[in-house]
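Participant: Here's a structure for you.
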Amino acid sequence: MSFSRLRVIFPIGLFVALFLDGSLSNVFAGHLFSYPYASVLHLTLLWLVFAVFLDDHDALPVGIWATFVGLVFDWYYTGVFGVYMVGLPLIVYLCRQIKPWLDLNFLTLLMIYIINLTILEAFTYIWYTMGRVISSSLADFAVYTLGPTIAVNLAIFVILYYPMRRLYLSVI
């Protein structure tokens, strides 16, 4: 297997995204978490989705990295082990399964990202409900958490799409 700069850049970017998820959530907490709304940043998910779809050779061990970063995310941010450690690799697996049938462009990747956000947030909601961490209704979750989360992450996707795409394509 030949050396690729992407094998070095990917894990660094993944941990930067992990760090920024928490840091930006803390800095903008007054805007992201104003009662009753809660917007969750998912820069780590964005980085993983880009890795799956922009790595033409599927040479990166994205699933393994997703599991590891999910464990760190659970340990450091949520305190409920397993949520992101299972959820992030699940998203990577689903993306790898649908990748061969898609024509990669801005709108396709945008829709995939929105679907992945919805799956991950729904997975988190179900996990937390089963574990009795939260007790909100599905309607409250959809209106007060899922909607704002999709809106914020949609804006972040639109802003970061071309710079991240250019970064990935320049290091391949």
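The values are calculated or read from the model by the stated rules, or taken from the named source; none is laboratory data. What you see is a predicted model, and the numbers here were worked out from it, not measured in a lab. Neighbour counts are summed over all protein chains in view; Cβ atoms, including those assigned to glycine, are modelled from backbone coordinates with ideal geometry. Accessible surface areas use protein heavy atoms only, side chains included; no ligands, DNA or RNA. Shrake-Rupley method; radii C 1.70, N 1.55, O 1.52, S 1.80 Å.
Participant: Could you derive backbone 3J(HN,Hα) for the stretch 85-102 from the dihedral phi with the Karplus parameters 6.51, -1.76 and 1.60 (θ = phi - 60°), listing whole Hz in sequence and x where the residue is Gly or Pro?
Facilitator: 5, 9, x, 5, x, 4, 4, 4, 4, 4, 5, 5, 6, 8, 3, x, 9, 10
Participant: How big is the stretch 100-172 along each principal axis, measuring the range of its Cα positions in Å and listing the largest first?
Facilitator: 45, 25, 21
Participant: Also, I was wondering about something else. For the stretch 32-172, what is the accessible area per residue in Å², given a 1.4 Å probe and the full set of protein chains?
Facilitator: On the way: 7380 Å² over 141 residues.
Computed with neighbouring chains in place, this is 52 Å² per residue.
Participant: So, in Å, what gap is there between the alpha-carbon centers of the stretch 86-129 and the stretch 1-57?
Facilitator: 14 Å
Participant: Still on this structure, please answer the following. If you take the Cα Rg of the stretch 67-109 and divide it by 2.2 N^0.38 Å, with N the number of residues, what do you get?
Facilitator: Details: Rg = 13.5 Å, N = 43, 2.2 N^0.38 = 9.2 Å.
Against the compact-globule rule of thumb, the ratio is 1.46.
Participant: Here's another thing I want to ask about it. Taking Rg/Rh (Cα atoms, Kirkwood Rh) as the quantity of interest, determine which of (i) 0.96; (ii) 0.99; (iii) 1.12 was computed from the displayed structure.
Facilitator: (i)
Participant: Still on this structure, I have one more. Taking DSSP loops as anything outside H, G, I, E and B, show the longest stretch in the chain free of trypsin sites (Lys or Arg not before Pro) there with at most 15 other beta carbons within 10 Å. All intermediate terms of the calculation are to be shown ahead of the outcome.
Facilitator: On the way: sites that count: ARG5, ARG132.
Formally, the longest exposed-site-free interval is 6-131.
Participant: Right, here's the next one. Just flag the chymotrypsin sites (Phe, Trp or Tyr not before Pro) in the stretch 71-172 sitting in loop per DSSP whose Cβ has no more than 13 other Cβ atoms within 10 Å. Walk me through the numbers before you get to the answer.
Facilitator: Values: sites: PHE73, TRP75, TYR76, TYR77, PHE81, TYR84, TYR93, TRP101, PHE106, TYR113, PHE123, TYR125, TRP127, TYR128, PHE141, TYR144, PHE157, TYR161, TYR168; in loops: PHE81.
The qualifying sites are PHE81.
Participant: Once every DSSP H run of n ≥ 4 in the chain is given -39500 (n - 2.57) and the sum is divided by its residues, what mean residue ellipticity at 222 nm do you get, rounded to the nearest 500 deg cm²/dmol?
Facilitator: Numbers: 8 runs with 120 residues, N = 172.
Mean residue ellipticity at 222 nm (helix-derived): -23000 deg cm²/dmol.
Participant: Let me ask something else. Using a simple spin-label model with points 7 Å from Cα along the Cα→Cβ vector, what separation in nm is obtained for LEU138 and MET111?
Facilitator: For LEU138 paired with MET111, the spin-label model returns 2.4 nm.
Participant: In sequence order, what are the phi-derived ³J(HN,Hα) couplings for the stretch 5-21 according to the Karplus relation 6.51 cos²θ - 1.76 cosθ + 1.60 with θ = phi - 60°, rounded to whole Hz, with x for glycine and proline?
Facilitator: Taking θ as phi minus 60°, the curve returns 5, 5, 5, 8, 5, 4, x, 5, x, 5, 6, 5, 4, 4, 5, 5, 3 Hz for the stretch 5-21.
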